[in-house]
Amino acid sequence: MVTFFSLIILILSVIAHEVAHGYAADALGDPTARLAGRLTVNPLPHIDLMGSVVIPALLIFSGSSLLFGWAKPVPYNPYNLTNKRWGETIVALAGAATNLTLALIFGLIIRFGTNLPASALTLAALIAFTNLFLGLFNLIPFPPLDGFVALRSALPWHLTQRLNHFETTLRHMGFITLVLFLIVFSTLLSGPFFNLVLWIFNLITGAS
């Protein structure tokens with residue numbers, strides 16, 4: 001049952017992540033996501049069969065320490081953003097910021113809701129940990145993650161061009177780029193990253 005709820009929470013969390021991108025873009029003057037009907041909590045327009053269901057299910061039911069998934073990217077046009085200097089950075093960080101905010105809210109529920117039923121605390125812990133993992137994972141500065149987009153758009157133009165070239169090279173490699181990144185992450189970085197997430201989770205919730 002916990003595994004099933006973990007899958008549902010992961011799906012809803014990646015959808016909240018994408019919707020946040022759309023709301024940030026809309027607030028900064030780009031209505032693309034709104035006009036495409038993507039500013040909605042209805043999960044159906046956002047679900048990507050592979051990224052929202054198949055891969056998360058495989059990771060969760062296999063007991064993997066990696067929580068990963070994605071929804072259909074929310075479309076936006078950076079040329080419509082009124083803040084030309086920081087608009088793309090703000091839009092890129094909106095998804096991770098939403099996940100981290102949810103992690104903080106439900107983490108504090110655990111810290112101060114000691115009188116709540118154990119089932120409610122377990123659910124809050126799943127939501128907090130999943131969103132904390134997703135939020136921090138998406139801040140890794142490697143394409144196509146949001147951390148890379150935020151870094152690229154925040155840097156001076158001459159450095160941005162170099163990162164654009166790097167991203168284009170990786171895009172030409174197609175899906176294999178993501179596979180190789182996940183293999184490297186799982187092999188070399190997942191342990192330290194998981195420990196970091198767990199440390200922050202315990203810091204928020206007050207768990208020992």
- Given a cut-off of under 8 Å on Cα pairs at least six residues apart, what relative contact order in percent is computed for the chain? 22
- Task: Report the residue, chosen from 101, 40, 114, that carries the largest GNM mean-square fluctuation when the chain is represented by alpha-carbon nodes joined by springs under 10 Å.
- Result: 114
- Item | Relative counts (whole %) of C-alpha pair distances in the range 67-144, using bins that are 10 Å wide | 17, 38, 26, 14, 5, 0
- Query: In deg cm²/dmol, rounded to 500, what helix-only [θ] at 222 nm does the chain give when every DSSP H run of at least 4 residues adds -39500 (n - 2.57) and the total is split over its residues?
  - Reply: -21000 deg cm²/dmol
- Task: Using only Cα atoms, locate the centre of the range 164-208 and the centre of the range 56-132, then give the distance between them in Å, rounded to an integer.
- Result: 15
- Item | Ratio of Rg to Rh over the chain (Cα coordinates, Kirkwood Rh, two decimals) | 0.98
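The numbers here are math on the coordinates, done by the rules we state, and not lab data. Worth saying up front: this structure is predicted, and the values here are computed from it rather than measured.
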